[in-house]
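Read the structure below first, then the notes.
The values are calculated or read from the model by the stated rules, or taken from the named source; none is laboratory data. Keep in mind the model is a prediction, meaning the values are calculated, not measured. Virtual Cβ from ideal backbone geometry, glycine too; neighbours counted across all protein chains shown.
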Amino acid sequence: MDTENLDLSINEHQLDDEWINQPELYSKWAINAADARRDYDEAKAELDVMRAELDRAIRSDPEYYKLTKVTESVIASTVVVQPIYKDLQKKVIDAKHSLDVCSAVVGALDHRRSALSKLVDLFLADYFSKPKPSKRAKEHTDDIERKRIRKPRKDRG
């Protein structure tokens, strides 16, 4: 899965665009997760079939596998060291990793949706607006500024 270009950040100045993009982004990764689940299940099934085939082959011709004694634990140990079994096991591990990554992104997108909701709440509460001084504070600041401008500076002249 290509997560390198995945940007889950939120631009609080474009909440409308962020909300418009959220369902498409979520849908894409939910589908990726479903595909990854299918790939994992298929790889696991393929591994199980190979285990059964190797088990049967070992039981039917233990000499080919250089076994002097045929027990359940010997057969199981012989199965897992076969190169084809190791290759399929790696395929299962890789498929599981892809599934875990996609599931993590879907979880992150759930958190992103919650964050978008909270940011909208903050926006509606004027959290992002510039602070406005009270009328009294503005008058006081204006008085100070007028006095500062009118007052002659002693360092001039």
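Residue pairs whose Cβ atoms lie under 6 Å apart, sitting 6 or more positions apart in sequence or on different chains, and linking a residue in the range 75-89 that is over 14 Å from Ala45 (Cα atoms) and surrounded by 11 or more Cβ atoms within 10 Å (Cβ to Cβ) to a partner that is at pLDDT 95 or above and aliphatic (A, V, I, L, M), are Ile75/Ile58; Thr78/Ile58; Val79/Leu54; Gln82/Leu54.
Of all residues in the range 45-63, those satisfying the criterion of being surrounded by fewer than 16 Cβ atoms within 10 Å (Cβ to Cβ) and either modelled with pLDDT under 95 or charged (D, E, K, R) (or both) are Glu46, Asp48, Glu53, Asp55, Arg56, Arg59, Asp61, Glu63. Selection over the range 90-100 of residues that are crowded, with 17+ Cβ neighbours inside 10 Å and either among the aliphatic types (A, V, I, L, M) or not in a helix (DSSP H, G or I) (or both) gives a count of 3. Selection of first residues in the range 35-54 that are touching a residue at least 60 places away in the same chain (Cβ under 8 Å) and over 23 Å from Val81 (Cβ atoms) and of second residues that are crowded, with 17+ Cβ neighbours inside 10 Å and hydroxyl-bearing (Ser, Thr, Tyr), restricted to Cβ pairs under 7 Å at least 6 apart or on distinct chains, gives the following pairs, ordered by first then second residue: Ala36/Ser98; Asp39/Ser98. The lone criterion from (1) exposed (fewer than 11 other Cβ atoms within 10 Å of the Cβ); (2) closer than 30 Å to Asp121 by Cα; (3) at pLDDT 95 or above left unmet by Ser27 is number (1). Given the options Tyr40, Tyr85, Tyr65, name the one that is part of a loop (DSSP other than H, G, I, E, B) and over 15 Å from the mean Cα position of the chain (by Cα). Among Tyr40, Tyr85, Tyr65, only Tyr65 is part of a loop (DSSP other than H, G, I, E, B) and over 15 Å from the mean Cα position of the chain (by Cα).
Can you name the residue in the range 127-145 that is surrounded by fewer than 10 Cβ atoms within 10 Å (Cβ to Cβ) and not in a helix (DSSP H, G or I) and, of all such residues, is nearest to the chain's Cα centre (by Cα)? The qualifying residue nearest to the chain's Cα centre (by Cα) is Ser129.
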